Amino acid sequence: MEMDPCTSTIELRVFVGTWNVAGRSPIGSLAVDLGEWLNLKDAADMYVLGFQEIVPLKTRNVIGAEDPTEARNWNVLIGKTLNNEYGCPWLTPIWHPIPSENCHYVKNSEPESRMSNNETSMREQSRSQHEKPKGVSKYKLMASKKMVGVFISVWMKSDLVSKYYISNVKVCSVACGIMGYLGNKGSVSVSMTIEGTSFCFVVAHLASGEKKGDEGRRNHQVSEIFRRTSFPRSPADDDIPHPLTILGHDRIFWFGDLNYRLYLEDNSARQLIKKLDWRALQEFDQLCREREYGGVFQGWEEGAIEFAPTYKYSSSNCNRYSGGVPSRSGEKQRTPAWCDRILWYGKGLTQLSYFRSESKFSDHRPVSALFSTQIEVVNSTNPRVVARHTILPTIPPPVETEQSNHDKEAESTMISLIVKDLEASPTHNTRCIEQIDDSDCS
């Protein structure tokens, strides 16, 4: 008996968002703003959220030990928002919770359809021990990683986690801020494989500044992130090969406060903004030039920008850009720019929307994009009987000797083992949680 592979294609809708929250904690009315940003009326299958400055970029935060408190607070709020119920057991993927939320993830999630009855029963028993009677979470936390103020949080629908094989979930952080190695600027990345398709999500916070030459510092940091981001194999990995670098993945998303500005004088930029002439304004955009004229993002794609620049607003609860003429006392003079961006690379991705939200929580406006991608799922579910000679070649009858009789017995035993192996159910992996220290990757 052999298994006849059957391949099907599924559509996965991925929401990617970025938000520089200016060092503010997720409290107050932010829950309402977060719900509007995530657009839950048109819910996606995955939510990949990148944040910058979840802590103030002060000396003690940059050079001190990582404090997971703010990352935990953001994950709590995101989980509650996605699952539409305060008090919902939103961390159900963590069968063995770890004390720190600096990084945790679900590893090698085996679909329930591929589990034996005993294993399914054990999982249901485990769920009953961890979940409250209120119900199952709609979304599960798949990965979370913080480096100073840069933070990524990846969520996926619970039913898809149970249905499809998710493996090799890994994280990496690259610090390339002060002196080239401090974490006030840099990136955090997540690598994961869904069935046979690999994904990489890179959240970056690049060097600020609108003076001539500042874009060169940003470009250098991008090159460093490409060079230093890695996802090495570990003994706990399964047998499926996974990409070791960013560009080795099938689907790649790069997003965050990339800080690219405009090659345009402040007053001229504000006049185009007043006219809502986004196309004319983009002709002076530094990131567009990097993509189109052989820069560090050559070959990467970005959707049409049909919204106002997202930075810099005067203060929270204000819709006025900072600076301008006349400027207010003590206010920073900044030319408005599209600092917050979402790029993608790889075949099989279609962007469905690209927009900014209007939360006044910080001096940046959050930006998000919705993508559709196709994933091939191979299911060996159609057994059929085949002739034994298709498994083993036909061997001419040997001369009958004591040794040949022994060989025949060995051959018969080998055939029976092969048939038994084919009829047996595949090895099932249980789900586990691991924590990766920053020392695992440069």
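The values are calculated or read from the model by the stated rules, or taken from the named source; none is laboratory data. Only a predicted model underlies this, so the values are computations on that prediction, with no experimental measurement involved. Cβ: placed from backbone, ideal geometry, glycine included. Neighbour counts: every protein chain shown. Just the protein is used for accessible areas: all its heavy atoms, side chains included, with ligands, DNA and RNA removed. Shrake-Rupley method; radii C 1.70, N 1.55, O 1.52, S 1.80 Å.
The spacing between segment 231-291 and segment 44-79, judged by their C-alpha centroids, is 21 Å.
How do the peptides 306-313, 271-278 rank, highest first, by the average count of neighbouring beta carbon atoms within 10 Å per residue?
On the way: 306-313: 19.8, 271-278: 13.5.
Ranked from most to least packed, the peptides come out as 306-313, 271-278.
Per residue, segment 150-237 exposes an accessible area of 32 Å² to a 1.4 Å probe, with every protein chain left in place. Residues of segment 341-371 with an amide N closer than 13 Å to a point placed 7 Å from the Cα of Val32 along the Cα-to-Cβ direction: 359-361.
Test of understanding: what is the full-extension gain from Phe307 to Leu352, defined as 0.36 nm times their sequence separation minus their Cα-Cα distance?
Numbers: separation 45, 0.36 × 45 = 16.20 nm, distance 1.53 nm.
Result: 14.7 nm gained on full extension.
Which of the GluC sites (Glu not before Pro) found in segment 198-301 are loop residues per DSSP with 14 or fewer other Cβ atoms within 10 Å of their Cβ?
Glu265, Glu283
For segment 231-300, the extents of the C-alpha atoms along the principal axes are 58, 21, 16 Å, listed from largest to smallest. Taking label positions 7 Å along the Cα-Cβ direction at both Asp237 and Arg279, the computed distance is 4.7 nm, reported to one decimal.
The Cα-based radius of gyration and maximum Cα-Cα distance (Dmax) for segment 223-352 are 18.9, 63 Å. Of the trypsin sites (Lys or Arg not before Pro) found in segment 165-233, those in coil by DSSP whose Cβ has at most 15 other Cβ atoms within 10 Å are Lys211, Lys212, Arg233.
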